[in-house]
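**Student:** To start, I am sharing the structure in question, which I have written as structure tokens.
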Amino acid sequence: MNLRSDRPDSQHYRLCAGAMLFSRSGQVWVGQRIDSPNAWQMPQGGIEPGEDPAAAALRELHEEVGSGNVALLAEAEGWLKYDLPPALAARAWGGKYRGQMQKWFAFRFLGNDDEFDIHGVERPEFEAWRWADIADVASLIVDFKRPVYEAVVAEFRCFSQVSAA
């Protein structure tokens, strides 16, 4: 399967926006999923019809972490996709999609850690959160999403290098 595409395929894949959120020290925000305690992931979620992917990423940040106090650093080149395991694909989103096609964005968090409120959001998705080294991010995700996370890490790695200027 080709991981990257120039155009989204909303017929076979659920369109999604993802946010790689960097701390001032260059670490990446990850949340421990409520529904899968062994899986950690970055904020991500569906793009509403007619919604701009960057706006969706900002909305997802606010909905999932409780803060949108960020600055946009970059947009990933193209779309990244993954297929769900067959048993999961039959259940997820009413069996309509093979997986997700994601547009990723890098953001720098501008606030203080106490701004995060993962339990006070309307629909909590995370049990816990932490800052992780970028080298560890891909290993924290479920196996079938790992190639996408590896691509995002490779593309945005430069933002984890913080100069002391």
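Laboratory data are not the source of any read-out in this text; all were calculated from the coordinates shown. Please read all numbers here as calculations on a predicted model, not as lab measurements. As a convention, Cβ positions derive from the backbone with ideal geometry for all residues, glycine included, and neighbour counts pool all protein chains shown.
**Student:** Under a Cβ-Cβ cut-off of 11 Å, what is the net charge of the residues other than Phe109 that fall near it, where Lys and Arg count +1 and Asp and Glu count -1?
**Tutor:** Around Phe109, the surrounding residues sum to 0.
**Student:** Which loop GluC sites (Glu not before Pro) in segment 109-165, with loop taken from DSSP, have no more than 16 other Cβ atoms within 10 angstrom of their Cβ?
**Tutor:** Taking segment 109-165 and a limit of 16 other Cβ atoms within 10 Å, the loop GluC sites (Glu not before Pro) found are Glu122.
**Student:** A follow-up question, please. Compute the distance from the alpha-carbon center of segment 48-81 to that of segment 85-154, in whole Å.
**Tutor:** 12 Å
**Student:** While we're here: Test of understanding: what is the full-extension gain from Arg146 to Ala39, defined as 0.36 nm times their sequence separation minus their Cα-Cα distance? Could the numbers behind the result be given before it?
**Tutor:** Values: separation 107, 0.36 × 107 = 38.52 nm, distance 1.11 nm.
The span from Arg146 to Ala39 would gain 37.4 nm if fully extended.
**Student:** Another question, if that's okay. Do any GluC sites (Glu not before Pro) in segment 1-108 lie in a DSSP loop with no more than 12 other beta carbon atoms within 10 Å, and if so, which?
**Tutor:** Those that pass, being in a loop and sparsely packed, are Glu77.
**Student:** Could you tell me what fraction of 2.2 N^0.38 Å the Cα radius of gyration of the chain comes to, as a two-decimal ratio?
**Tutor:** Relative to the rule-of-thumb radius for its length, the chain sits at 0.98.
**Student:** Quick one: compute the contact order of segment 4-160, relative version, from alpha carbon pairs under 8 angstrom and 6+ residues apart, as a percent.
**Tutor:** Result for segment 4-160 is 34 percent.
**Student:** By how many nm would the segment from Ser25 to His62 grow when fully extended, if each residue of separation counts as 0.36 nm and the alpha-carbon distance is taken off?
**Tutor:** Taking 0.36 nm per residue and subtracting the Cα distance, the gain is 11.2 nm.
**Student:** Next question. For His119, His62, what ranking results if the residue with the fewest other Cβ atoms within 10 Å of its Cβ goes first?
**Tutor:** Lowest count first: His119, His62.
**Student:** Sticking with this structure for a sec: Using the alpha-carbon atoms, what tilt in degrees (0 to 90, nearest 10) does helix 53-65 show relative to the longest principal axis of the chain?
**Tutor:** The two axes meet at around 70 degrees.
**Student:** What's the extension gain from Arg157 to Asp6 if we count 0.36 nm per residue and subtract their Cα-Cα distance?
**Tutor:** Gain on stretching Arg157 to Asp6: 52.3 nm.
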